[in-house]
Amino acid sequence: MSKYLLNKFLFTIDRDPGLVERYRDEPRATVEWWEAEEANRILNCISEERSTWLKLDDIEREALAMHDYVQLFALGAHPFLTLTLFIAMFERDHEPLGFQREYAQRLSHFQMPYPDIAT
């Protein structure tokens, strides 16, 4: 499991409006594309600079493909990254602040200490 890679996915998708829409409409295909093409790209480096070993595990991949932000939180994805990305994708489908309330309600069963979000 790589909390770093989960957070990197959330961060890089959220920074590109085209990728946000792609992830909303085709989540599984977007996750597969991102893992194959972008996961090993080193942030803030030239595009030719890559690592070779980073890979999502099956649970992470499925949680991302299903837009399962509750599972992502349980896996240690940073809640601010999940919240901002999922607001960008789903706020339009809810009344004002409706998605934020749904997010809070769906995560309300977690008790402190919360899952570790350190990468």
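A few comments on the model shown:
- The order of the peptides 57-66, 101-110, 3-12 by mean Cβ neighbours within 10 Å, most packed first, is 3-12, 57-66, 101-110.
- Base-10 log of normalised Debye intensity for segment 3-106 (one unit scatterer per alpha-carbon) at q = 0.14 Å⁻¹: -0.52
- Length gained on full extension, Arg28 to Lys55: 8.2 nm, using 0.36 nm per residue less the C-alpha separation.
- Positive contributions from Lys and Arg (+1) and negative ones from Asp and Glu (-1), summed over other residues with Cβ under 14 Å from the Cβ of Leu64, come out at -3.
- Spin-label model, Ser108/His94: points 7 Å from Cα along the beta carbon direction are separated by 1.3 nm.
- If you take all other residues with their beta carbon under 13 Å from the beta carbon of Trp34, and give Lys and Arg +1 and Asp and Glu -1, the sum is -1.
Bear in mind that the values in this text are calculations on the coordinates, not laboratory data. Just so it is clear, the structure is predicted and the values come from calculations on it, not from any experiment. Don't worry about glycine lacking a Cβ; one is built from the backbone with ideal geometry, like all the others, and counts go over all protein chains shown.
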